[in-house]
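Participant: This is the structure I want to talk about, given as structure tokens.
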Amino acid sequence: MTSFPAIEYYSTFLKKSTKTMSEFSDVAFDKFVQVNDHNIKFTKNALDGTNSVVATMLEVKDPKEFLEFAQNSVGPLSAKVTDYFKTLYKINSDFLKSGSGYVESESEEINKIITGQVEEMSKNAPAGTEGVVAMTKSSLAASTSTYESMTKAAKQVFDIVDNNIEAATKVSESVVTGSKKPKGKKVS
């Protein structure tokens, strides 16, 4: 190490952070491309489907046939819209999960640097500052513990939302197709 260990710590951290930011930017751009591709495909399929539906509707001759046509057209449309939003949600939730992974790794790195600096400071602290050093270490431990608790709670909430979205999708699919309720987990 040099005579300025803090500079070396921060220099190393900045190098790692730059790499992480580049990786995160790549992931964000990839998700942006996925959303746009999904929107383009959905729009193209919707236009093709609309043309087909209109062509079929123009061939309807009587009111009874029109009612059958209308009933048969609603189910597939609802399923397509549900599938669209489900895929969009998946893309966004994947992005949020990867983003939280980057934030976690960066905060762990920052925590290591700060902890190392506090340890270094406590070794070289002048006599009579033991109380300040102890308070600093205690504050650092408390903030780390709070951050870990909040991260754990956020992950649990995210998992609950994912499970509820999946359950709601299954229920809505069963309602659209007219089948019985799916067996499995209860929606929380």
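Participant: Quick one: is Leu14 without any contact (Cβ under 8 Å) to a residue 12 or more places away in the chain and part of a helix (DSSP H, G or I)?
Facilitator: On the way: without any contact (Cβ under 8 Å) to a residue 12 or more places away in the chain: yes; part of a helix (DSSP H, G or I): yes.
Taking the combined requirement at face value, the residue satisfies it.
Participant: How many residues does region 24-69 contain that are touching a residue at least 12 places away in the same chain (Cβ under 8 Å) and either open to solvent by 70 Å² or more (accessible area, probe 1.4 Å) or touching a Gly at 6+ places or on another chain (Cβ under 6 Å) (or both)?
Facilitator: Matching residues across region 24-69 total 2.
Participant: Sticking with this structure for a sec: For region 105-133, enumerate the residues that are within 14 Å of Lys16 (Cβ to Cβ), of a type outside the set (A, V, I, L, M) and surrounded by 14 or more Cβ atoms within 10 Å (Cβ to Cβ).
Facilitator: Glu106, Ser107, Glu109, Asn111
The values are calculated or read from the model by the stated rules, or taken from the named source; none is laboratory data. Keep in mind that what you see is a predicted model, and the values were worked out from it rather than measured. Counting neighbours? That spans all protein chains shown, and the Cβs are built from the backbone with ideal geometry, glycine included. Surface accessibility is based on the protein's heavy atoms, side chains included, excluding ligands, DNA and RNA. Shrake-Rupley method; radii C 1.70, N 1.55, O 1.52, S 1.80 Å.
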